[in-house]
Amino acid sequence: QVHLVESGGGLVQAGGSLRLSCAASGLTFSMAWFRRAPGKEREFVAAISRSGVNTDYADSVKGRFTISRDNAKNTASLHMNSLKPEDTAVYYCAARPSNTEYVMTMEYGYDYWGQGTQVTVSS
């Protein structure tokens, strides 16, 4: 059984920063973050390949968010800077077993999901 345990999140003022972390047990994974804002569908935020050599970001977060990973600990982090009220959402960590450095940005490509952590950005 694969478990994803998220930490971080909370309330921050616009322009501030937060760091989300996700720990995965088991296999080597490519990992990603998605988010669901109130009244909207879940959307892709960022993804990182199994070694970390490849990353991808949604246009809305490019230049502000950075995804990274620590393979020794099998964790992935999302560093969020210059946060905006429109970044308010529940953020979900996702993982998929992978033997390549391909970066998956589609929700259906991920097999395992965390429980979600709330990020609220006040104006």
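Starting from the Kirkwood Rh over alpha-carbon pairs, what translational D in µm² s⁻¹ does the chain have by Stokes-Einstein at 37 °C and 0.692 mPa s? Each step should come with its number before you reach the end.
Numbers: Rh = 14.1 Å.
The diffusion coefficient I find is 232 µm²/s.
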(request) May I ask you to evaluate 6.51 cos²θ - 1.76 cosθ + 1.60, the Karplus curve with θ = phi - 60°, for each residue of segment 96-104 and list the ³J(HN,Hα) values in order in whole Hz, giving x for glycine and proline? (result) 9, x, 8, 10, 10, 9, 5, 9, 8
(request) Work out the length of the dipole vector of segment 13-96 about its Cα centre, built from +1 on the beta-carbon of each Lys and Arg and -1 on the beta-carbon of each Asp and Glu, and round it to the nearest 20 debye. (result) 140 debye
(message) Order TRP33, TRP113 by their accessible area, 1.4 angstrom probe, all chains in place, largest first.
(response) TRP113, TRP33
(request) Determine the relative contact order of segment 1-77: mean sequence separation of Cα pairs under 8 Å and six or more apart, normalised by residue count, in whole percent. (result) 26 percent
(message) Suppose R0 equals 25 Å. What FRET efficiency, 1/(1 + (r/R0)^6) with r the Cβ-Cβ distance, do GLN1 and GLU43 give to the nearest 0.05?
(response) 0.40
(message) Ordering ASP59, ASP87 by accessible area with a probe of 1.4 Å, largest first, what comes out?
(response) ASP59, ASP87
(message) Test of understanding: in a Gaussian network model of the chain with alpha carbons linked when under 10 Å, which of THR100, THR55, THR75 would top the mean-square fluctuation ranking?
(response) THR100
(message) Let me cross-check ARG50: its accessible surface, 1.4 Å probe, with only protein heavy atoms counted, in Å² to the nearest 10?
(response) 80 Å²
(message) Could you give each residue of segment 53-58 its phi-based ³J(HN,Hα) in whole Hz, using Karplus coefficients 6.51, -1.76, 1.60 with θ = phi - 60°, and x for Gly or Pro?
(response) 6, 10, 9, 8, 9, 5
(request) Working with all protein chains in place, sort SER123, SER98 by solvent-accessible area computed with a 1.4 Å probe, largest first. (result) SER123, SER98
(request) Go through segment 73-84 residue by residue and turn each phi into a ³J(HN,Hα) via Karplus (6.51, -1.76, 1.60, θ = phi - 60°); whole Hz please, and just put x for glycine and proline. (result) 9, 6, 10, 10, 10, 10, 8, 10, 10, 6, 5, 10
(request) With the full set of protein chains in place, find how many percent of the accessible area of the chain is carbon and sulfur; take the probe as 1.4 Å. (result) 48 percent
(message) At 1.4 Å probe radius, can you tell me the per residue accessible area of the chain in Å²?
(response) 51 Å²
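The values are calculated or read from the model by the stated rules, or taken from the named source; none is laboratory data. Just so you know, these numbers come straight off a predicted model, no measurement behind them. Methodologically, a virtual Cβ is constructed for each residue, glycine included, from the backbone with ideal geometry; neighbour enumeration extends over all protein chains shown. Calculation scope for accessible area: heavy atoms of the full protein, side chains included, ligands and nucleic acids excluded. Shrake-Rupley method; radii C 1.70, N 1.55, O 1.52, S 1.80 Å.
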